[in-house]
Amino acid sequence: METLTAFLTHQPLLALFLVVASGYAIGAINIRGFSLGVGAVLFSGLFIGAIVPASQPPAMVGTLGLVMFLYGLGVQFGRQFFAGLAGKAGRRYNVLAVIALGTAALVATVEMMVMDVSAPMMAGLFAGSGTNAATMQAAMEAAGTKEPAIGYSVAFPFGLVGAILCMYVVQLFLKPNIEDASKSGLETLEVAIHAEEIVGRTLAETMARMPKGVQALAVRIGNENRHPEPALVLGADDVLLLGGVDKASLESAREVLGRHAAGRLVSDRTTMDMLHVFVSKPHLVGTRLADLKFPDGIQATITHVQRGDTEMLMGPDLLLEGGDRVGLLTRRASFPAVRKFFGNSIRGTSEFSYISLGVGMVLGSLLGVLPIPVPGVGTMKVGVAGGTLIGALVLGRLGRLGPLTWMMPMSANLTLRNFGLSVFLAQVGMSSGAPFVEVVAGSGPVLLAAGAAILLALALPPLLIGHFVMRMPFEDLLGVTAGVTGSPAILAYAFRSFPSERVEICYAMIFPAATVTKIIIAQLIVAAGG
């Protein structure tokens, strides 16, 4: 053991990746559907940090990892975040988050008075229960002591595991249909025109009668497949290839139009066929589908856009991103030109602009150190992590600015985020291992109980109120709870439990405001004890 300790002390980089590797191995263990996933990296780090405290990497390593994760999250979901705030659901969800944070702050204040715990320590317990490093950093700056870091290290493990357990238990009771999360966003149906009120009408007039979300992808007139031009006049037994978000709406369209005609259109590929291409041309990134202009002489109908594992809902305002896989119907003779137009480079789906990444992180870091006046408190800072997230959300909303493209291909974004999250959890665990053991050996049980109470006050309100009062969809419930409780590892578990994009969107919708609110609460706790 002494030999191993001495070796790891002189090889901190090796120790860091040993923590990452062992953490992922432990996180992959599944017990009755429950596993820690990437969150196990933290506990692996606590173990190595306790037995080899000198092996911990510099704090900047963890900060860099957190910034990488938050930047990737922000630029991916910036548009959805601001769209959510503009909508009724987004505002309701943020109000629910404020209620949960207020409840947790009340519990922390009562504990501080009843248990005679110092204000800096309680601020650290609050930050750890909310698994928010930016809150801990703000509490340390306000208190001028390292006590918040100790409280954070004590409360963080249960703040992480407790939130995951709350989600796990709720999922056992509610039994959501997880298969719905991975359904394709596009269903298709071939229909032959037989309704008398449709025969002789133009395609534009016919589609105006269709249920919301149903669109014409192709038309077969006579023996020829054609693009769905609005002026086409439909005759008896002509065939429409319809696309929609669900089978029910397509069946409703079929009842209006005529009969099923499976295979009559799609089986004929002599002139028109399906083509899949990757978006890798930089100038197309951030382009709305409605603004997409194909080269002269090329006609193509976009049927679907796949981003990562998610089938995007089609609409004129959908923005193309690097790495998107686009499905089109076009003439076979146009295949080479269409591939060239989009780029269709698999390598391009994993590349992004390091200039944009660097500029974005610089702007976020500057925002994080900017002092913000708060009445009754003085000044506060959202921290480098909070600033990076806020800045990335704004840049993600913009999409691009002149030659700079802020959005990244999904594959590159996921790689950046997952690596950053792993490094952050490893560094936090390794640096907290020794003080964690020391405090737990003394007054640990009391502090652990205090942190657990804060966590329950933070996690249960959004789960219970969200389900029983607000009747939120289960994926929104998980996303909001993950955003309130804070840790990216909790988000990773929530997404693994219910793999829907809505989980991440709701997380991104809640996490920024929740982070700022936590920072203010922690500074108020410190001020109350002063």
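Side notes on the structure shown:
- ³J(HN,Hα), Karplus 6.51/-1.76/1.60, whole Hz, each residue of the stretch 363-375, x for Gly, Pro: 4, x, 5, 5, 5, x, 9, 6, x, 10, x, 10, x
- Net lengthening on full extension, L366/R91 (0.36 nm per residue, minus Cα-Cα): 96.2 nm
- 0 to 90° range, to nearest 10: angle between helix 119-129 axis and the chain longest Cα axis: 30 degrees
- Protection proxy ranking of 222-232, 52-62 - average other beta-carbon atoms within 10 Å, highest first: 52-62, 222-232
- Kirkwood hydrodynamic radius of the stretch 183-349, from inverse mean 1/r over distinct Cα pairs, in Å: 16.5 Å
- Cα long-axis angle, helix 410-441 against the chain (0 to 90 degrees, to the nearest 10): 20 degrees
- Label-reachable residues, the stretch 211-225, where backbone N falls under 12 Å from a point 7 Å from D268's Cα toward its Cβ: 219-225
- GluC sites (Glu not before Pro) lying in DSSP loop within the stretch 280-370, provided at most 16 other Cβ fall within 10 Å: E351
- Segment L172-T415, length gained on full extension (0.36 nm per residue, minus Cα span): 84.4 nm
- When the trypsin sites (Lys or Arg not before Pro) in the stretch 284-387 are filtered for DSSP coil states and for at most 10 other beta-carbon atoms within 10 Å of their beta-carbon, the remaining sites are K293.
- For L241, net neighbour charge (Lys/Arg +1, Asp/Glu -1) across residues whose Cβ lies under 13 Å away: 0
- Within the straight-line cut-off of under 28 Å between alpha carbons, the lysines reachable from K340 are K281, K293, sequence neighbours fewer than 8 places apart in one chain being disregarded.
- Two-site FRET efficiency, H227 against A21, from Cβ-Cβ distance with R₀ of 35 Å, rounded to 0.05: 0.10
Rule-based calculations on the coordinates, nothing more; no lab input. Nothing here was measured: the structure is a model prediction, and the numbers come from that model. Cβ atoms come from the backbone with ideal geometry, glycine included; neighbour counts cover every protein chain shown.
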